[in-house]
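The values are calculated or read from the model by the stated rules, or taken from the named source; none is laboratory data. Since we're looking at a predicted model, the values are computed, not measured. Because the Cβ atoms are built from the backbone with ideal geometry, glycine has one as well, and the counts that use them run over all protein chains shown. Accessible surface is based on the protein model in full, side chains and every heavy atom, while ligands, DNA and RNA are left aside. Shrake-Rupley method; radii C 1.70, N 1.55, O 1.52, S 1.80 Å.
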Amino acid sequence: MSTFRTLELSNPQFEKAHLRFITIKSPHLKGRGDITVFVPPNIMNYKNLPLVILLHGVYGSAWSWPYGAGVHIQALEMIEQGTLPPMIIAMPSDGLWGDGSAYLAHHDKNFEQWIVEDVPLAVREIVPQVSNRSPQFIGGLSMGGYGALRLAALYPNLFVGVSAHSSITAFNQMKLFIEEDLTTFTVTDEQYPDVIAALLYHREKLPAIRFDCGKEDLLIEENRKLHQQMQQYNIPHRYFEYSGGHEWNYWTLHIRKSLLFFAELL
(Lines give C-alpha, C1' and ligand atoms only; values in the text may rest on other atoms or scores of the structure.)
Protein backbone atom coordinates (compact mmCIF):
# COMPACT_ATOMS: atom_id res chain seq x y z
CA MET A 1 0.00 0.00 0.00
CA SER A 2 1.38 3.40 -1.00
CA THR A 3 2.14 6.18 1.45
CA PHE A 4 0.66 8.58 -1.08
CA ARG A 5 -3.04 9.01 -1.69
CA THR A 6 -2.44 8.03 -5.32
CA LEU A 7 0.56 6.58 -7.12
CA GLU A 8 0.32 5.79 -10.83
CA LEU A 9 3.13 3.74 -12.40
CA SER A 10 3.92 3.02 -16.04
CA ASN A 11 3.20 -0.48 -17.31
CA PRO A 12 6.48 -2.46 -17.66
CA GLN A 13 5.06 -4.01 -20.82
CA PHE A 14 5.38 -0.66 -22.59
CA GLU A 15 8.45 0.85 -20.90
CA LYS A 16 11.52 1.50 -23.03
CA ALA A 17 15.21 2.12 -22.37
CA HIS A 18 14.88 1.18 -18.68
CA LEU A 19 12.80 4.28 -17.90
CA ARG A 20 9.82 4.15 -15.56
CA PHE A 21 7.30 6.93 -15.04
CA ILE A 22 5.56 7.77 -11.76
CA THR A 23 2.80 10.24 -10.99
CA ILE A 24 1.94 10.75 -7.34
CA LYS A 25 -0.38 13.05 -5.49
CA SER A 26 1.99 15.03 -3.30
CA PRO A 27 0.82 16.72 -0.11
CA HIS A 28 3.60 19.27 -0.59
CA LEU A 29 2.53 20.14 -4.14
CA LYS A 30 -1.16 19.93 -3.22
CA GLY A 31 -1.57 18.10 -6.48
CA ARG A 32 0.19 15.65 -8.76
CA GLY A 33 3.90 15.45 -9.46
CA ASP A 34 5.82 13.47 -12.08
CA ILE A 35 9.07 11.53 -11.76
CA THR A 36 11.02 9.74 -14.48
CA VAL A 37 13.19 6.94 -13.06
CA PHE A 38 16.09 5.13 -14.70
CA VAL A 39 16.27 1.56 -13.37
CA PRO A 40 19.21 -0.35 -14.86
CA PRO A 41 18.79 -4.01 -15.80
CA ASN A 42 20.09 -7.00 -13.85
CA ILE A 43 19.74 -5.52 -10.36
CA MET A 44 17.39 -8.09 -8.83
CA ASN A 45 19.98 -9.30 -6.32
CA TYR A 46 21.14 -5.84 -5.22
CA LYS A 47 20.23 -4.04 -2.01
CA ASN A 48 20.52 -0.41 -0.96
CA LEU A 49 21.47 0.84 -4.44
CA PRO A 50 22.57 4.48 -4.69
CA LEU A 51 19.83 6.96 -5.58
CA VAL A 52 20.72 9.99 -7.69
CA ILE A 53 18.17 12.81 -7.95
CA LEU A 54 18.67 15.06 -10.99
CA LEU A 55 16.86 18.41 -11.11
CA HIS A 56 15.98 20.13 -14.38
CA GLY A 57 16.11 23.83 -15.24
CA VAL A 58 13.44 26.40 -16.05
CA TYR A 59 10.80 25.55 -18.65
CA GLY A 60 11.48 21.81 -18.32
CA SER A 61 9.97 18.86 -16.51
CA ALA A 62 10.54 15.21 -15.61
CA TRP A 63 11.46 14.38 -19.21
CA SER A 64 14.27 16.95 -19.49
CA TRP A 65 17.30 14.96 -18.34
CA PRO A 66 16.54 11.74 -20.23
CA TYR A 67 15.28 13.34 -23.43
CA GLY A 68 17.43 16.47 -23.33
CA ALA A 69 20.75 14.81 -22.45
CA GLY A 70 20.14 11.07 -22.79
CA VAL A 71 21.40 10.61 -19.25
CA HIS A 72 19.84 7.15 -18.98
CA ILE A 73 21.64 6.01 -22.13
CA GLN A 74 24.94 7.40 -20.90
CA ALA A 75 24.51 5.84 -17.46
CA LEU A 76 23.72 2.42 -18.91
CA GLU A 77 26.79 2.56 -21.17
CA MET A 78 28.98 3.40 -18.18
CA ILE A 79 27.45 0.65 -16.05
CA GLU A 80 27.98 -1.91 -18.82
CA GLN A 81 31.59 -0.73 -19.26
CA GLY A 82 32.19 -1.08 -15.54
CA THR A 83 33.07 2.59 -15.02
CA LEU A 84 29.87 3.26 -13.05
CA PRO A 85 28.25 1.04 -10.41
CA PRO A 86 24.55 0.30 -10.78
CA MET A 87 22.52 3.24 -9.54
CA ILE A 88 18.95 4.48 -9.73
CA ILE A 89 18.42 7.94 -11.24
CA ALA A 90 15.26 9.84 -10.34
CA MET A 91 14.38 12.86 -12.47
CA PRO A 92 11.39 14.70 -10.99
CA SER A 93 9.53 17.71 -12.27
CA ASP A 94 10.06 20.89 -10.26
CA GLY A 95 6.35 21.01 -9.47
CA LEU A 96 5.51 22.86 -12.69
CA TRP A 97 4.90 26.26 -11.14
CA GLY A 98 5.17 29.14 -13.64
CA ASP A 99 8.41 29.08 -15.63
CA GLY A 100 10.16 27.42 -12.69
CA SER A 101 9.56 26.80 -9.00
CA ALA A 102 13.22 27.27 -7.94
CA TYR A 103 12.67 24.24 -5.69
CA LEU A 104 11.65 26.57 -2.86
CA ALA A 105 8.55 26.82 -0.68
CA HIS A 106 6.22 29.56 -1.94
CA HIS A 107 2.63 30.21 -3.03
CA ASP A 108 1.36 27.74 -0.40
CA LYS A 109 3.28 24.86 -1.98
CA ASN A 110 6.51 23.31 -0.80
CA PHE A 111 8.61 22.48 -3.85
CA GLU A 112 11.58 21.90 -1.53
CA GLN A 113 9.96 19.09 0.46
CA TRP A 114 8.60 17.60 -2.75
CA ILE A 115 12.21 16.92 -3.76
CA VAL A 116 13.81 15.92 -0.47
CA GLU A 117 10.88 13.93 0.96
CA ASP A 118 8.33 12.83 -1.64
CA VAL A 119 10.67 11.89 -4.49
CA PRO A 120 12.93 9.48 -2.54
CA LEU A 121 9.90 7.94 -0.84
CA ALA A 122 8.14 7.35 -4.16
CA VAL A 123 11.25 5.72 -5.63
CA ARG A 124 11.61 3.44 -2.62
CA GLU A 125 8.02 2.33 -3.11
CA ILE A 126 8.53 1.21 -6.71
CA VAL A 127 12.18 0.07 -6.68
CA PRO A 128 12.79 -2.50 -3.93
CA GLN A 129 16.56 -2.23 -4.45
CA VAL A 130 16.41 1.30 -3.01
CA SER A 131 15.93 1.71 0.72
CA ASN A 132 16.35 4.30 3.44
CA ARG A 133 19.92 2.97 3.72
CA SER A 134 20.71 3.81 0.10
CA PRO A 135 23.32 6.56 -0.38
CA GLN A 136 21.63 9.60 -1.92
CA PHE A 137 23.12 12.17 -4.27
CA ILE A 138 21.66 15.25 -5.91
CA GLY A 139 22.56 17.15 -9.06
CA GLY A 140 21.08 19.53 -11.57
CA LEU A 141 21.49 22.16 -14.25
CA SER A 142 20.79 25.90 -14.13
CA MET A 143 17.78 26.30 -11.79
CA GLY A 144 18.26 22.62 -10.99
CA GLY A 145 21.89 23.26 -10.12
CA TYR A 146 20.72 25.96 -7.74
CA GLY A 147 18.21 23.59 -6.22
CA ALA A 148 20.78 20.82 -5.89
CA LEU A 149 23.43 22.99 -4.22
CA ARG A 150 20.97 24.68 -1.89
CA LEU A 151 19.13 21.50 -0.86
CA ALA A 152 22.36 19.54 -0.35
CA ALA A 153 23.56 22.33 1.94
CA LEU A 154 20.32 22.52 3.92
CA TYR A 155 19.88 18.73 4.21
CA PRO A 156 23.42 17.38 4.57
CA ASN A 157 22.09 14.37 6.46
CA LEU A 158 20.24 13.27 3.30
CA PHE A 159 22.95 13.60 0.65
CA VAL A 160 26.44 12.16 0.34
CA GLY A 161 27.36 14.50 -2.51
CA VAL A 162 26.12 17.19 -4.89
CA SER A 163 27.19 18.08 -8.42
CA ALA A 164 25.80 21.05 -10.35
CA HIS A 165 26.16 22.44 -13.85
CA SER A 166 25.71 26.06 -15.01
CA SER A 167 24.00 26.93 -11.75
CA ILE A 168 21.96 29.88 -10.69
CA THR A 169 23.68 30.73 -7.41
CA ALA A 170 21.20 33.14 -5.82
CA PHE A 171 17.42 33.37 -5.95
CA ASN A 172 17.36 36.83 -7.55
CA GLN A 173 19.05 35.39 -10.65
CA MET A 174 15.76 33.63 -11.45
CA LYS A 175 14.67 36.97 -12.97
CA LEU A 176 17.05 36.25 -15.87
CA PHE A 177 14.84 33.36 -16.94
CA ILE A 178 11.25 33.63 -15.70
CA GLU A 179 8.44 36.06 -16.40
CA GLU A 180 6.86 35.78 -12.93
CA ASP A 181 7.47 38.63 -10.47
CA LEU A 182 9.99 37.44 -7.87
CA THR A 183 8.33 39.54 -5.17
CA THR A 184 5.28 37.26 -5.32
CA PHE A 185 7.42 34.35 -4.08
CA THR A 186 7.66 35.95 -0.60
CA VAL A 187 11.00 34.21 -0.06
CA THR A 188 12.65 35.13 3.25
CA ASP A 189 16.22 35.12 4.51
CA GLU A 190 15.25 32.26 6.83
CA GLN A 191 14.95 30.09 3.73
CA TYR A 192 18.61 30.76 2.81
CA PRO A 193 17.72 31.68 -0.79
CA ASP A 194 21.37 32.23 -1.82
CA VAL A 195 23.60 29.20 -2.18
CA ILE A 196 26.45 30.68 -0.15
CA ALA A 197 24.08 31.43 2.76
CA ALA A 198 22.82 27.84 2.71
CA LEU A 199 26.38 26.52 2.62
CA LEU A 200 27.41 28.65 5.59
CA TYR A 201 24.37 27.49 7.57
CA HIS A 202 25.76 23.92 7.72
CA ARG A 203 29.39 24.62 6.89
CA GLU A 204 30.71 22.07 9.42
CA LYS A 205 28.82 19.08 8.00
CA LEU A 206 28.36 19.65 4.27
CA PRO A 207 28.31 16.80 1.74
CA ALA A 208 30.97 16.56 -0.96
CA ILE A 209 30.51 19.37 -3.51
CA ARG A 210 31.49 19.84 -7.14
CA PHE A 211 30.15 22.29 -9.71
CA ASP A 212 31.11 23.53 -13.15
CA CYS A 213 30.13 26.18 -15.65
CA GLY A 214 30.76 26.95 -19.31
CA LYS A 215 33.12 29.81 -20.04
CA GLU A 216 30.57 31.29 -22.46
CA ASP A 217 27.65 30.82 -20.04
CA LEU A 218 25.67 33.89 -18.96
CA LEU A 219 26.10 32.64 -15.37
CA ILE A 220 29.89 32.22 -15.47
CA GLU A 221 30.64 35.27 -13.31
CA GLU A 222 28.09 34.17 -10.72
CA ASN A 223 29.70 30.72 -10.57
CA ARG A 224 33.17 32.22 -10.28
CA LYS A 225 31.95 34.40 -7.43
CA LEU A 226 30.50 31.39 -5.60
CA HIS A 227 33.80 29.54 -6.05
CA GLN A 228 35.70 32.52 -4.62
CA GLN A 229 33.28 32.83 -1.69
CA MET A 230 33.69 29.15 -0.89
CA GLN A 231 37.46 29.54 -0.98
CA GLN A 232 37.20 32.57 1.31
CA TYR A 233 35.19 30.57 3.86
CA ASN A 234 37.32 27.44 3.44
CA ILE A 235 34.40 25.33 2.22
CA PRO A 236 35.84 22.21 0.50
CA HIS A 237 34.68 21.84 -3.08
CA ARG A 238 35.74 21.17 -6.66
CA TYR A 239 35.07 23.81 -9.28
CA PHE A 240 35.67 23.48 -13.03
CA GLU A 241 35.22 25.62 -16.12
CA TYR A 242 34.85 24.20 -19.60
CA SER A 243 34.16 25.54 -23.06
CA GLY A 244 30.48 26.05 -23.76
CA GLY A 245 27.35 28.01 -22.99
CA HIS A 246 24.02 27.60 -21.24
CA GLU A 247 22.84 24.80 -23.50
CA TRP A 248 22.01 21.12 -23.76
CA ASN A 249 25.20 20.29 -25.66
CA TYR A 250 27.18 21.36 -22.59
CA TRP A 251 25.03 19.45 -20.09
CA THR A 252 24.94 16.33 -22.27
CA LEU A 253 28.73 16.32 -22.39
CA HIS A 254 29.38 16.93 -18.70
CA ILE A 255 26.66 14.99 -16.86
CA ARG A 256 29.00 11.98 -16.92
CA LYS A 257 31.34 13.90 -14.62
CA SER A 258 28.57 14.20 -12.06
CA LEU A 259 27.82 10.48 -12.16
CA LEU A 260 31.50 9.58 -11.86
CA PHE A 261 31.87 12.02 -8.96
CA PHE A 262 29.01 10.30 -7.16
CA ALA A 263 30.52 6.87 -7.86
CA GLU A 264 33.82 8.05 -6.42
CA LEU A 265 32.09 8.88 -3.13
CA LEU A 266 30.64 5.40 -2.66
### Candidate set from the stretch 152-190 (those that are open to solvent by 40 Å² or more (accessible area, probe 1.4 Å), in a helix (DSSP H, G or I) and among the polar types (S, T, N, Q)); member that is modelled with the highest pLDDT
Asn172
### Message
When you scan the stretch 38-50, do you find a residue that is touching a residue at least 24 places away in the same chain (Cβ under 8 Å), outside any loop (DSSP other than H, G, I, E, B) and either under 19 Å from Gly145 (Cβ atoms) or out of contact with any Pro (no Cβ under 9 Å at 6 or more places or on another chain) (or both), even just one?
### Response
no
### Summary
Thr83: passes all of (1) surrounded by fewer than 17 Cβ atoms within 10 Å (Cβ to Cβ); (2) in a helix (DSSP H, G or I); (3) among the β-branched types (Val, Ile, Thr) but (2)
### Summary
When every residue in the stretch 51-90 that is in contact (Cβ under 8 Å) with a residue 24 or more places away in the chain and polar (S, T, N, Q) is compared, the one nearest to Pro207 (Cα to Cα) is Thr83
### Message
For the stretch 86-128, give me each residue that is touching a helix residue (DSSP H, G or I) at 6+ places or on another chain (Cβ under 8 Å) and in a helix (DSSP H, G or I).
### Response
Glu112, Ile115, Val116
### Message
Here is a check on your reading of the model: is Arg224 out of contact with any His (no Cβ under 8 Å at 6 or more places or on another chain), at pLDDT 95 or above and surrounded by fewer than 16 Cβ atoms within 10 Å (Cβ to Cβ)?
### Response
yes
#### Entry: Which numbered condition Arg5 fails, given (1) within 19 Å of Val119 (Cβ to Cβ); (2) surrounded by 12 or more Cβ atoms within 10 Å (Cβ to Cβ)
(2)
### Task
Could you tell me which residue of the stretch 19-71 is surrounded by the fewest Cβ atoms within 10 Å (Cβ to Cβ), considering only residues that are closer than 22 Å to Val130 by Cα and touching a His at 6+ places or on another chain (Cβ under 8 Å)?
Pro41
### Message
I need the full set of residues from the stretch 135-147 which are closer than 14 Å to His254 by Cβ and in a helix (DSSP H, G or I), in order please.
### Response
Gly144, Gly145
### Task
Filter the stretch 107-129 for residues that are open to solvent by less than 30 Å² (accessible area, probe 1.4 Å) and either within 19 Å of the chain's Cα centre (by Cα) or among the hydrophobic types (A, V, I, L, M, F, W, C) (or both) and give the result.
Phe111, Glu112, Trp114, Ile115, Val116, Asp118, Val119, Pro120, Ala122, Val123, Ile126, Val127
### Message
Looking only at residues that are of a type in the set (Phe, Trp, Tyr) and in contact with a strand residue (DSSP E or B) (Cβ under 9 Å, 6 or more places away or on another chain) in the stretch 23-66, which one is farthest from Ile138 (Cα to Cα)?
### Response
Trp63
